[in-house]
Amino acid sequence: QVQLVESGGGSAQAGGSLRLSCTASGNTWRYNSMAWFRQGPGKEREGVATVYVNSGSARYDDSVKGRFTISRDNAKNTVYLQMSSLKSEDTAMYYCAAGLVGDGSLSKIAYNYWGQGTQVTVST
């Protein structure tokens, strides 16, 4: 199995930036994609961005397109989410996920492993 640990969450002002990290351990070569999801208070978990581990090809939800960038460093078994131009709407618990197979979907059911989450709070 794969274990995922997120870090880098915290507080930022609107318009600011944060970078989240997710480090994988275990059978890291079993998964072919990684993703970031988020869940705000009283809301369902939603997909933010996904990246193919091998190719680096990425896909974003429209709500973050142009502001967030997902990337991976395979040598470190780590995926990043660089967040800029932060808005109050970005406030949520952010979760890292890994999928064994997939087509770059932002659906929860496409992913097999999940991290514990890291909180991002954006103030105005």
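Identify, by number, the condition in (1) over 20 Å from residue 25 (Cβ atoms); (2) in contact with a Lys or Arg (Cβ under 8 Å, 6 or more places away or on another chain); (3) open to solvent by less than 10 Å² (accessible area, probe 1.4 Å) that residue 46 doesn't meet.
(3)
What number of residues within region 100-121 are farther than 22 Å from residue 55 by Cβ, buried (at least 18 other Cβ atoms within 10 Å of the Cβ) and modelled with pLDDT under 95?
0
When region 53-99 is examined, which residues are found to be touching a strand residue (DSSP E or B) at 6+ places or on another chain (Cβ under 6 Å), surrounded by 13 or more Cβ atoms within 10 Å (Cβ to Cβ) and among the polar types (S, T, N, Q)?
Once the filter is applied, which keeps residues that are touching a strand residue (DSSP E or B) at 6+ places or on another chain (Cβ under 6 Å), surrounded by 13 or more Cβ atoms within 10 Å (Cβ to Cβ) and among the polar types (S, T, N, Q), region 53-99 yields 69, 71, 77, 78, 82, 91.
Among the numbered criteria (1) open to solvent by 70 Å² or more (accessible area, probe 1.4 Å); (2) free of Cβ contacts under 8 Å to residues at least 60 places away in the same chain, which one does residue 19 miss?
Only one criterion in (1) open to solvent by 70 Å² or more (accessible area, probe 1.4 Å); (2) free of Cβ contacts under 8 Å to residues at least 60 places away in the same chain is unmet by residue 19, namely (2).
Filtering region 21-63 down to residues that are of a type in the set (Ser, Thr, Tyr) and farther than 17 Å from residue 3 by Cα, which residue is farthest from the chain's Cα centre (by Cα)? Show your work before the answer.
Let us first name the residues in region 21-63 that are of a type in the set (Ser, Thr, Tyr), namely 21, 23, 25, 28, 31, 33, 50, 52, 55, 57, 60, 63.
So of that shortlist, the ones also farther than 17 Å from residue 3 by Cα come out as 50, 52, 55, 57, 60, 63.
Working: 50: 7, 52: 12, 55: 17, 57: 14, 60: 10, 63: 14 Å.
Only one residue fits best here, namely 55.
The values are calculated or read from the model by the stated rules, or taken from the named source; none is laboratory data. For clarity, every value in this text was computed on a predicted model and none was experimentally measured. When we count neighbours, we look across all protein chains shown, and the Cβ atoms used for this are built from the backbone with ideal geometry, even at glycine. What goes into the accessible areas is simple: the full protein's heavy atoms, side chains included, and nothing from ligands, DNA or RNA. Shrake-Rupley method; radii C 1.70, N 1.55, O 1.52, S 1.80 Å.
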